[in-house]
Amino acid sequence: MGTKTFAIIKPDAVKNGYTGKIYDRILQAGFNILSAKLLKMTNEQAEGFYNVHRERPFFNDLVEFMTSGPCMVLALEKSNAVAAWRETIGATNPDEAKENTIRKDFASNVQENAVHGSDSDENAEKEIAFFFTDAELLTN
Ligand code: UDP
Ligand code: MG
C-alpha cells in the first residue's frame with residue numbers, strides 16, 4: 001500500500017470557515033502534510049482534475065462549484081494513506097457518512113461535500129503531480 005494521498009479542502013468548506021478545523025482533523029488523524037497551498041481553480045484545472053467524471057450528469061455543476069472560490073490542495077503522507085484518508089472523510093454523500101467523519105461534520109450536500117480524497121494509489125500520484133512539483137513536496 002502507498003504512503004501518499006491527495007486531498008482538497010473544497011470551496012464550500014473554505015467559504016464556511018472550516019479550513020482550520022479540517023486542517024486540524026488531518027493532523028489529528030496522524031497524517032504528515034507534505035505540502036499545502038490555497039488556490040482558486042481555473043476551469044481548465046477543474047475540468048482536467050475531474051476528467052474521469054466528464055460524462056456524468058453532475059460534471060458541469062461540479063466544475064462550476066470547484067471554481068467558485070478558493071480551495072486548499074494538500075499532499076498527505078501516512079501508511080496506507082488512500083484508505084486512511086477515505087475513512088477519515090466518510091461517504092461522498094454526507095447523509096451516508098459515519099459519525100465523526102469530516103463530511104458528516106462539515107459537508108452541506110453530495111456536491112458541496114467539504115473535501116476530496118484520492119481513490120487509489122495510482123490516482124493519488126497523478127493528483128499530487130497535477131497540483132505540486134516534486135520540489136514543493138517535503139521529503140522528510
Ligand atoms: N458529486 C456530485 N454529485 C454526485 C456525485 C458526486 O456533485 O451525485 C461530486 C462531489 O463533489 C464528489 C465529486 O463529484 O465529491 C466526485 O465524485 P466521486 O464519485 O468521485 O466522489 P468522491 O470520490 O469525492 O467521494
Ligand atoms: Mg472520487
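Since every read-out is calculated from the coordinates, none of them should be taken as a lab result. Small disclaimer: the values here were computed from a predicted structure and weren't measured. Note: ideal-geometry Cβ built from the backbone for every residue, glycine included; neighbour counts use all protein chains shown.
What distance in nm lies between label points placed 7 Å from Cα along the C-beta direction at residue 54 and residue 24?
Taking the two extended label points, one gets 4.2 nm.
On the first, second and third principal axes, largest extent first, how far apart are the outermost C-alpha atoms of the range 38-86 in Å?
Largest to smallest, the principal-axis extents are 34, 25, 13 Å.
For the range 1-77, max minus min Cα coordinate along each principal axis, in Å, sorted largest first?
Rounded to whole Å, the extents work out to 35, 33, 18 Å.
Check cross-link reach from residue 21 to the aspartates and glutamates: straight Cα distance under 19 Å, and skip same-chain residues fewer than eight apart.
Cα-Cα hits under 19 Å: 12, 77, 87, 99, 105, 112.
When N counts the residues of the chain, how does its alpha-carbon radius of gyration compare numerically with 2.2 N^0.38 Å, as a ratio?
Relative to the rule-of-thumb radius for its length, the chain sits at 0.97.
Residue 126: which lysines have alpha carbons under 22 Å from its alpha carbon, excluding same-chain residues fewer than 8 sequence positions away?
Hits, sequence-local ones excluded: 4, 10, 37, 40, 78.
If you bin the C-alpha pair distances of the range 62-140 every 5 Å from 0, what whole percents do you get?
Distribution as computed: 3, 14, 21, 22, 22, 12, 5, 1 percent.
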